[in-house]
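Just so it is clear, none of the values below were taken in a lab; they were calculated from the coordinates. Only a predicted model underlies this, so the values are computations on that prediction, with no experimental measurement involved. Neighbour counts are summed over all protein chains in view; Cβ atoms, including those assigned to glycine, are modelled from backbone coordinates with ideal geometry.
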Amino acid sequence: MTHADLVLTGGPVLTMDGARSRATALAVTGDRITAVGQAHELSGLIGPRTEVVDLADRALVPGFQDAHVHPVGGGVELISCDLSDAADLAAYQRRIRAAADALPAGAWVTGGGWSLDSFPGGQPTRQQIDAVVADRPVLLSNRDHHGAWANTLALELAGLTADTPDPADGRIEREADGTPSGMLQEGAVGLVSRHVPEADLEDRLRGLLEAQALLHSYGITAWQDALLGVYNGMADASEVYALAIERGLLTARVRGALWWDRERGAEQIPELVERRERLRLGDRFSAGTVKIMQDGIAENQTAAMTEPYRDSCGCATANAGLSFVDPLALRSHVTALDALGFQVHFHALGDRAVREALDAVEAARAANGWRDTRHHLAHLQVVHRDDIARFRELGATANMQPLWAAHEKQMDELTIPFLGGDLATRQYPFGDLHRAGVVLAAGSDWPVSSPNPFEGIHVAVNRSHPGSDHPVFLPEQRLSLTAALAAYTAGSAYVNHLDDTGVLRPGALADLAVLDRDPYAVPAEELASTTVHRTYVGGVAVHVKE
């Protein structure tokens, strides 16, 4: 008998297979799972060199996978001016001043993580940064990375004045006389960010490694990097991954999504094909996905909706958001990409953008037949009821960011009051999608929001944040714990084309997470406090909690 290299035993093994079966032990030989069963059945696989891990009633689950995340940018923010855990203007100003003091004279202060709901109407001003840093340029992305906050010097260096027109895909917020106020929306960020010196490759590598360690600590063993390319001044992360692989430092499994330049058209497709081939970097990294951002976000009224937004008085406006790619052209582009074997990862937040993306997938299916391209739509803040069943019919996966589906300031003050028609009642319809038989995947969009899967699972199950005294948000859209766990494991593995992961079965890769508890044994309102004790990728421990 061949002894296993690793046996984990003495706790619930949640396989997430089709039957959602349970076991009490699992064996690993090399990088693969070789047996799953009851502890007494696997005892014969334990030899003198077998590492035995006593689960001590902790649950073993497949490694979590984040289907939409930005690790390089998030990691760089962690080591720059990180505002993500600050809560108000005074705290932001202290962080900005400290970051400036740590830099050489004249260097740009960059970073981000500030929240829209920290400012009236989600609108910070240049003067608020000038009050603490006026002698060097400052540009700070907000938490959702659909806007940025600049000081006066940064705006001046970029040449922005009252006469500067808004770009087609963004907006410069302005003071009464037209002077840029310091808040830049969507594509307007690029007017300033293009003047920021690119971060050093070694610094970006350090950011990736910081992010990888953080994600592993949450039990995440694989992810889809939702933006490989140049966007709003962000450098292409592809070379960072290549360097990490060259140095043997990438321990996760990564699917890269190549950025679709929305200022160009089909002429970029041959370049995407070339990049896909060039980025075949071994068994831990591939780039067979194209990311198309079809719209913006609801808070700045750039998400594409079927009903116009309301103004502060509750009256309908002329604005129903932006479709960044012409819907008819989108159908043609997606059909061409699908024919070439690309998966398309859509940013589709408003219900009109969701419909445009589904129309594009439908066009591709009609032209090319059914191909195993596994297209998926991320964010899905508003989905029209007529489009729910189309996901299943077209084989499109619903890529959820569950943490957003709750009452909080940004939702209650910057979103719900401004959604027209009955759009506010159709937000994050995870329950409807699940009941319609749609494949669900899950991700965080970190650094937009926490990458901790159990915080997302908590909201998916409860439709409220931990400890919140707000009412439950659209309770009919709650998911079961099983459905939420499946989205973060088997569902995201499906999206990532990692068919040997996401379930615990013999022959699968030994990508595993050991939790501190059995999540089924605690009240639903305590799910967010679940932590990860160990994380394995290919049977190798990449995180062990001290």
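For this structure, a couple of remarks:
- Look at MET293, MET305, MET400 and count the other Cβ atoms within 10 Å of each Cβ; fewest to most, that gives MET293, MET305, MET400.
- Once the convex hull of all Cα atoms in region 294-366 is built, its volume per residue stands at 70 Å³.
- Summarising the amide proton neighbourhood of VAL53: residues at separation of 5 or more, or on other chains, whose placed amide H is nearer than 5 Å comprise VAL7, LEU8, THR9.
- Bridge type composition, the chain - antiparallel percent by DSSP, nearest 5: 45
- Ascending count of other beta-carbon atoms within 10 Å, so fewest first, for ILE79, ILE269: ILE79, ILE269
- Two-decimal ratio, region 136-257, of alpha-carbon radius of gyration to 2.2 N^0.38 Å: 1.26
- With all pairs of separate Cα atoms included, the chain yields a Kirkwood hydrodynamic radius of 24.0 Å.
- Nearest-0.05 FRET efficiency for TYR520 and GLU274, computed from C-beta distance (R0 45 Å): 0.40
- Over region 353-403: Rg over Rh, Cα atoms, Kirkwood Rh: 0.96
- The chain: DSSP helices with Cα axial extent of at least 20 Å and average Kyte-Doolittle hydropathy no lower than -0.5: 201-217, 351-368
- Seen from all directions on average, region 189-266 presents a Cα convex hull projection of 6.1 nm².
- Normalised contact order of region 167-309, rounded percent, pairs of Cα under 8 Å and 6 or more residues apart: 18
- Net charge, VAL230 excluded, C-beta distance under 15 Å - Lys, Arg +1, Asp, Glu -1: -2
- Here the contact order of the chain, divided by its residue count and restricted to Cα pairs under 8 Å and six or more residues apart, works out to 17 percent.
- Annotation note: trypsin sites (Lys or Arg not before Pro) in region 264-299 located in DSSP loop regions with a Cβ neighbour count of at most 13 within 10 Å are ARG264, ARG280.
- Taking all C-alpha pairs of region 344-468, those more than 21 Å from each other amount to 39 percent.
- Inter-site label distance for ASP31 and ALA266 at 7 Å from Cα along Cβ, in nm: 3.9
- Taking all Cα pairs closer than 8 Å and separated by 6 or more residues, the relative contact order of region 288-389 comes to 30 percent.
- Fewest-first ranking of SER450, SER480, using other Cβ atoms within 10 Å as the exposure measure: SER480, SER450
- Using 0.36 nm per residue and subtracting the Cα-Cα separation, the extra length available between ILE245 and ARG435 on full extension is 64.3 nm.
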